[in-house]
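Student: Here it is, the structure in full.
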Amino acid sequence: MLPLLTNRLPAFLDQSAQRMTDWLRTHGESAMRFRQIRHWLFVGRATNFAEMTDLPKKLRVQLADEFRLFQSEIASRQQSCDGTQKLLLRLFDGHHIECVMIPEKTRRTACISTQVGCGMGCVFCASGLNGVVRNLSQGEILEQLLHLRNLLPRQERLTNIVVMGMGEPLANLDALADALDIACSRDGLGIGARHVTISTVGLPAKMRRLAELGKPYHLAVSLHAPNDALRARIVPTNSATGIRAILEAADLIFSKTGRRVTYEYVLLGGINDSKREARELARLLAGRCAHVNLIPFNEVAGLPYRPPTQRSQTDFVAELRRAGINVKVRKRKGADIDAACGQLRRKIIEKTGGVHPDNPVQLARRVILAFWESRLGT
Ligand code: SAH
């Protein structure tokens, strides 16, 4: 195992432009150097300050003495036969997060995490099995993009970001918004804001704040059920939010961005995949500029859920289409490399005994609860 990054210098990507330009001035350098450093990082693919050869040697040494250019490192990399690559990153404090590069025709999509673990507790999801450990910083979010981009050949660049990795993005909205501002800026990674998708469990107050940012990000809402009773069994936060407030907040975002909202719906065999639920979902979304993204459940070791049968999946799609709802079944990417959220990290935690409070009692409780829920659902 790699040694822990114990001597923790502040991370360059966690510093604001103001803080860095002040620092440069106090070291007798012009503010312009800040853009030069960023250029080396975002365009020049530098991995340390020493490589930034058009900066004075003394400045490079001072920077390296006071800042860490990268605060995360690649602990492992998996490559799927479909080209998808998944990175397990080790953070300065020993925690792990995952991020994925999905190459498709002309697109190069980065799927990134926003938290270590997840506090939302969706019953079928591996990321939340141990709860949330902490939020990621702006720099840790950006570093995922850089590690993924650095996997690409020099002539290629990242074209899309999907915030669908570990964690609930809107529970860490400040850091995410700052990171996306930089990723989408011309002197950052130059990714079009319209090519960013944020997937949320549906936190209405945070969704309204997202609307206020006034960015044309594409919103995806993890709905997973067409009524509150069923949704509360699958997505525990629903008891506090309810579907109605989520739809209203999504409508608000649509009215600001003019962008069609995607509703994600994980099909869990025997639980939420009947024609009745499809019809109810169609009624719920009727009249909205919505798109439904069906995700056949990706099996998670230790959880008693199963994917839908081919028949129920086809019927579900047909019911929605009959009602005029726009629907697609999500293609499985990286099926051979544990690409469902949190699966790779779980393996590491199991293998190493965990560097963070991995709680077997909590896991056992979740598995037993999930088992009874699945029984009640059939
Ligand atoms: N917290 C965010 C991001 C989660 S990951 C959210 O809730 O939207 C993106 C999507 O993958 C979510 O819709 C999530 O519910 C779904 N997902 C998580 N684990 C899954 C699994 N094992 N199989 C299928 N979809 C899964």
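The values are calculated or read from the model by the stated rules, or taken from the named source; none is laboratory data. Note that the structure is predicted; figures quoted are calculated from it, not measured. As a convention, Cβ positions derive from the backbone with ideal geometry for all residues, glycine included, and neighbour counts pool all protein chains shown.
Student: Only residues that are surrounded by fewer than 24 Cβ atoms within 10 Å (Cβ to Cβ) and in contact (Cβ under 8 Å) with a residue 24 or more places away in the chain: list them for segment 104-114, please.
Tutor: Result: Thr106, Arg107, Arg108, Thr109.
Student: So, one more: Look through segment 222-233, keep the residues that are in contact with a strand residue (DSSP E or B) (Cβ under 7 Å, 6 or more places away or on another chain) and in a loop (DSSP other than H, G, I, E, B), and return whichever of them is farthest from the ligand (Cβ to nearest atom).
Tutor: So, considering only residues that are in contact with a strand residue (DSSP E or B) (Cβ under 7 Å, 6 or more places away or on another chain) and in a loop (DSSP other than H, G, I, E, B), the one farthest from the ligand (Cβ to nearest atom) is Leu223.
Student: If you don't mind, there's one more thing I want to ask. Among Leu219, Leu284, which is the only one that is within 16 Å of the ligand (Cβ to nearest atom) and at pLDDT 95 or above?
Tutor: That would be Leu219, the only listed residue that is within 16 Å of the ligand (Cβ to nearest atom) and at pLDDT 95 or above.
Student: Which condition does Ala193 not pass, out of (1) away from the ligand (no atom under 12 Å from the Cβ); (2) over 23 Å from Gln18 (Cβ atoms), if it passes all the others?
Tutor: The single condition Ala193 does not satisfy is (2).
Student: Going through Leu88, Leu170, Leu145 one at a time, which residue ends up being more than 10 Å from the ligand (Cβ to nearest atom) and either of a type in the set (Ser, Thr, Tyr) or buried (at least 20 other Cβ atoms within 10 Å of the Cβ) (or both)?
Tutor: Step by step, each of Leu88, Leu170, Leu145 is checked, and only Leu145 is more than 10 Å from the ligand (Cβ to nearest atom) and either of a type in the set (Ser, Thr, Tyr) or buried (at least 20 other Cβ atoms within 10 Å of the Cβ) (or both).
Rundown of residues vs (1) surrounded by fewer than 18 Cβ atoms within 10 Å (Cβ to Cβ); (2) assigned by TED's automatic domain parsing to the domain that holds Ala177; (3) closer than 29 Å to His96 by Cα, yes/no style:
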site: Ala17; (1), (2), (3): yes, no, yes
site: Arg25; (1), (2), (3): yes, no, no
site: Glu29; (1), (2), (3): no, no, no
site: Arg38; (1), (2), (3): no, no, yes
site: Gly44; (1), (2), (3): yes, no, yes
site: Met52; (1), (2), (3): no, no, yes
site: Pro56; (1), (2), (3): yes, no, no
site: Arg77; (1), (2), (3): yes, yes, yes
site: Thr84; (1), (2), (3): no, yes, yes
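Student: Counting just the residues of segment 104-127 that are under 15 Å from His147 (Cβ atoms) and more than 11 Å from the ligand (Cβ to nearest atom), which one comes out farthest from the chain's Cα centre (by Cα)?
Tutor: Among those residues, the one meeting the criterion is Arg108.
Student: Given the conditions (1) touching a helix residue (DSSP H, G or I) at 6+ places or on another chain (Cβ under 8 Å); (2) buried (at least 17 other Cβ atoms within 10 Å of the Cβ); (3) free of Cβ contacts under 8 Å to residues at least 40 places away in the same chain, which single one is not true for Gly192?
Tutor: (2)
Student: Any chance you could count how many residues in segment 293-331 are within 16 Å of the ligand (Cβ to nearest atom), more than 12 Å from Leu267 (Cα to Cα) and touching a strand residue (DSSP E or B) at 6+ places or on another chain (Cβ under 8 Å)?
Tutor: Matching residues across segment 293-331 total 2.
Student: Name the one entry in Arg134, Arg157, Arg208 that is assigned to a strand (DSSP E or B), among the basic types (Lys, Arg), more than 13 Å from the chain's Cα centre (by Cα) and surrounded by fewer than 21 Cβ atoms within 10 Å (Cβ to Cβ).
Tutor: Numbers: Arg157 fails: assigned to a strand (DSSP E or B); Arg208 fails: assigned to a strand (DSSP E or B).
Of Arg134, Arg157, Arg208, the one residue that is assigned to a strand (DSSP E or B), among the basic types (Lys, Arg), more than 13 Å from the chain's Cα centre (by Cα) and surrounded by fewer than 21 Cβ atoms within 10 Å (Cβ to Cβ) is Arg134.
Student: Taking the stated definitions as given, is Arg186 more than 15 Å from the ligand (Cβ to nearest atom) and assigned to a helix (DSSP H, G or I)?
Tutor: It is false that Arg186 is more than 15 Å from the ligand (Cβ to nearest atom) and assigned to a helix (DSSP H, G or I).
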